[in-house]
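Once you've had a glance at the structure underneath, I'll fire off some questions.
The numbers here are math on the coordinates, done by the rules we state, and not lab data. Small disclaimer: the values here were computed from a predicted structure and weren't measured. All Cβ positions, glycine included, derive from the backbone under ideal geometry; neighbour counts span all protein chains shown.
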Ligand SMILES: NC(=O)c1ccc[n+]([C@@H]2O[C@H](COP(=O)([O-])OP(=O)(O)OC[C@H]3O[C@@H](n4cnc5c(N)ncnc54)[C@H](OP(=O)(O)O)[C@@H]3O)[C@@H](O)[C@H]2O)c1
């Protein structure tokens, strides 16, 4: 199994406010779709609830919740991260798509971080991505994009891989 964390973070690593994303960046949504389609997306119950049309198509949707009676259309529900990961095949590519609690829990297990680093500070935030320790994570690629008519601020697609011990 290969485990990636995928997130859009601002300069302060903020990722959300009142269960909504902080920025609307069409190219970020396109990249998210391109990377995750055909693979497994694993998320917390609140992030699932934030999806406007529910489960995302053409992906295995996996949701964590402590509510054992919870049933979600188009998604499999597991009570712990360990149970969810145990359900995955050796060749499965799993993308952790949020939110904050999942990112914190899964970071020590991840192989890769696929971040959109947004060069702005959201005025309000109540959810953050965990700190990225440069001693553990090495930048693999960086694709910087300027602001334009569809994107209110500059941003960069930055991939990190775990440094070899
Ligand atoms: N910028 C981005 O890329 C991005 C991506 C995704 C989400 N977000 C933002 O992140 C925020 C949501 O983050 P959040 O931390 O509040 O919520 P979350 O992680 O999406 O969901 C939290 C819920 O998931 C379940 N859960 C999480 N970890 C679990 C575990 N280890 N075992 C069992 N259940 C677990 C629990 O559900 P129960 O309460 O049902 O037990 C928990 O209350 C929103 O603002 C959203 O917009 C941002």
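Condition check: surrounded by fewer than 17 Cβ atoms within 10 Å (Cβ to Cβ) and touching a helix residue (DSSP H, G or I) at 6+ places or on another chain (Cβ under 9 Å). Does residue 116 satisfy that?
No, not satisfied.
How many residues are more than 24 Å from residue 19 (Cβ to Cβ) and either part of a loop (DSSP other than H, G, I, E, B) or within 17 Å of the chain's Cα centre (by Cα) (or both) if we restrict to the stretch 120-138?
5
Can you work out which of the residues in the stretch 6-24 that are more than 9 Å from the ligand (Cβ to nearest atom) and closer than 23 Å to residue 107 by Cβ is surrounded by the most Cβ atoms within 10 Å (Cβ to Cβ)?
13
Turning to a different aspect of this structure: Can you tell me which of 65, 69, 101 is within 14 Å of the ligand (Cβ to nearest atom) and in contact with a helix residue (DSSP H, G or I) (Cβ under 6 Å, 6 or more places away or on another chain)?
Just a single option satisfies the conditions, and that option is 65.
Given 62, 158, which one is under 20 Å from residue 43 (Cα atoms) and in contact with a strand residue (DSSP E or B) (Cβ under 9 Å, 6 or more places away or on another chain)?
On inspection, the qualifying residue turns out to be 62.
Does residue 160 satisfy the condition of being touching a helix residue (DSSP H, G or I) at 6+ places or on another chain (Cβ under 7 Å), in a strand (DSSP E or B) and within 18 Å of residue 28 (Cα to Cα)?
no
Condition check ((1) away from the ligand (no atom under 12 Å from the Cβ); (2) within 22 Å of residue 126 (Cα to Cα)) across all residues:
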| position | (1), (2) |
| --- | --- |
| 53 | yes, no |
| 59 | yes, no |
| 84 | no, no |
| 93 | yes, no |
| 96 | no, yes |
| 106 | no, yes |
